[in-house]
Amino acid sequence: MAVEVVVDPFTRATVPVELPLRFRTEPEEARRALGLPDYLDVSDPIVRRAVGLLHALAAVEPSIPVAFFGGVAYRIRSPTSNGPTSGLRRNLHDIDLACLQPDGRRMTAALLALGPRGGSALTVVETHADHMFNALQSGLRLRFHMIDHVDEQGRATLGTIDVVANEFRFCHNLDLRADVAAAPSHARALSPESLLLTKLQAIQSIPAEHGNLVPGRVLGPFGKRDLLIGPEEKDVRDVLALLADRTVGDNGTADVSADRFIAPLANDWGFWTTVRLNLDNLGRSPLLPALPPAVAERIRSNVGRLRAATDRVQPKRRFGFLQKEWWEPVESLGTTPPPTGPP
């Protein structure tokens, strides 16, 4: 049954949606067709929609390379992040995709066409606020919403789809073009090295008196009255899960290449400094003692290898340490409401 569903609470805009929400291709079948790993938990509602979305997108626009990043990508790359009793699984909220900038317009058209092609559970809309946001981003970032649920009054609950083009821009910039181009033959996600760098680039200064609000995240002092803090716990969980499952090294058998990890840092003193501080703190994470000792030791060993790799590059310092922000300031990283951070 097709009904008019309210998808924008401000403009009261509606779209026709077939209820109940359904997938034309069930997510488990889509997972197999995409070649995604067996351990990927498609019972998770965000993962279900993400896998269904990518499968339908490949049918609508097969020539557009797309890579997951954020929480869904970590689920793809890490069995531990899927495990309900692993101690490192965390709730997902959004779907994050990376594409190439020349594909942005086709990507928009393809996403908005997914509902009719892939089933009503994949209905994607561009709200008025999304349209305004997208118009201001110069094609480097796009935002859409997907219908997660429809209540008895015909009002939709929406989930967010974030799309970045060419690069991940947060506290530092990370070029994603090579990862996106390779994604169709490499698990449909950013490489492990890039996934780690999207999380380990998070940094923020806060007043020193707020340090008790962020236990486990304090990196050190910043000036006379402030502290530096690193990623939120949800992001640390992702990183630890990946490092629990992967090996770090420089030989061809390692899952995470230390050389590829440090390559974006070699000519960027600020990025290099942030990553080093976060790696130092990662080994002290309060999440580690709660893990099985062998898992915690494997994580610490991998963190140590990554940290040692950063010593192999010495980018030129741009300005005095602890005197000026060397990162791009972003919205609050979860120190006080509203909690936000990297995807």
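Each value in this text was obtained by applying a stated rule to the coordinates, not by laboratory testing. Because the structure is a prediction, the values reported are computed rather than measured. No Cβ is skipped: glycine too gets one built from the backbone with ideal geometry, and neighbour counts run over all protein chains shown.
Residue exposure proxy: Thr198, Thr247, ordered by other Cβ atoms within 10 angstrom of their Cβ from fewest to most, comes out as Thr247, Thr198. Taking a ≥ b ≥ c as the square roots of the eigenvalues of the Cα gyration tensor of region 127-180, is the shape rounded (a/c under 1.5), prolate (a/b larger than b/c) or oblate? Prolate shape, in that a/c is at least 1.5 and a/b is the bigger ratio.
Sorting the segments 68-77, 36-45 by their mean number of nearby beta carbons within 10 angstrom, highest to lowest, gives 68-77, 36-45. Each stretch of four or more DSSP H residues adds -39500 (n - 2.57); spread over every residue of the chain, this sum gives -10000 deg cm²/dmol at 222 nm. Can you compute the label reach from Arg317? Point 7 Å from Cα along the Cβ direction, backbone N cut-off under 15 Å, restricted to region 152-188. The answer is none.
Remark: region 92-106, residue by residue, has Karplus-estimated 3J(HN,Hα) of 9, 10, 10, 10, 10, 10, 10, 9, 9, 4, x, 8, x, 5, 5 Hz, where x stands for each Gly or Pro and the curve is 6.51 cos²θ - 1.76 cosθ + 1.60 at θ = phi - 60°.
Taking other C-beta atoms within 10 angstrom as a stand-in for reagent exposure, Arg143, Arg155 fall in the order Arg155, Arg143, fewest first.
3J(HN,Hα) along region 110-125: 5, 4, 6, 9, 5, x, x, 8, x, x, 5, 5, 10, 5, 10, 10 Hz, from the Karplus curve 6.51 cos²θ - 1.76 cosθ + 1.60 with θ = phi - 60°, whole Hz, x for Gly and Pro.
Peptides 285-296, 262-273 ranked from most to least packed, by the mean per-residue count of other Cβ atoms within 10 Å: 262-273, 285-296. Calculated on the Cα set of region 79-149, radius of gyration then Dmax: 15.2, 43 Å.
Averaging the sequence gap over all C-alpha pairs within less than 8 Å and six or more residues apart, then dividing by the number of residues, gives the chain a relative contact order of 16 percent. A simple rule links phi to the HN-Hα coupling: the Karplus curve 6.51 cos²θ - 1.76 cosθ + 1.60 with θ = phi - 60°, which for region 220-232 gives x, x, 9, x, 8, 10, 10, 10, 9, 10, x, x, 5 Hz, with x for Gly and Pro.
In plain terms, the residue of Glu193, Glu61 with the fewest other Cβ atoms within 10 Å comes first and the most crowded comes last, giving Glu61, Glu193. By the Cα gyration tensor, region 102-220 has an equivalent ellipsoid whose semi-axes, rounded to whole angstrom, run 31, 22, 15 from largest to smallest.
Axis angle, to the nearest 10 degrees, between helix 293-310 and the longest C-alpha principal axis of the chain: 70 degrees.
In straight Cα distance, which lysines are under 24 Å from Lys316, not counting same-chain residues fewer than 8 positions off? Cα-Cα hits under 24 Å: Lys199, Lys324.
Taking 0.36 nm per residue of sequence separation and removing the Cα-Cα distance, the Ser185/Arg32 pair yields an extension gain of 53.7 nm. For the chain, take the longest principal axis of its alpha carbons; what is the angle in degrees between that and the long axis of helix 233-245, to the nearest 10 within 0 to 90? Helix 233-245 sits roughly 80 degrees off the main axis of the chain. Along each principal axis, taking the top coordinate minus the bottom one, the Cα set of region 180-293 gives 48, 38, 24 Å in descending order. With both residues required to sit in region 2-185, DSSP beta bridges show an antiparallel share near 80%.
Compared with the dominant principal axis of the Cα atoms in the chain, helix 45-60 is inclined by about 70°. Each listed q (0.11, 0.15 Å⁻¹) maps to a log10 I(q)/I(0) for the chain, found by the Debye formula over equal Cα scatterers with no solvent: -0.75, -1.32.
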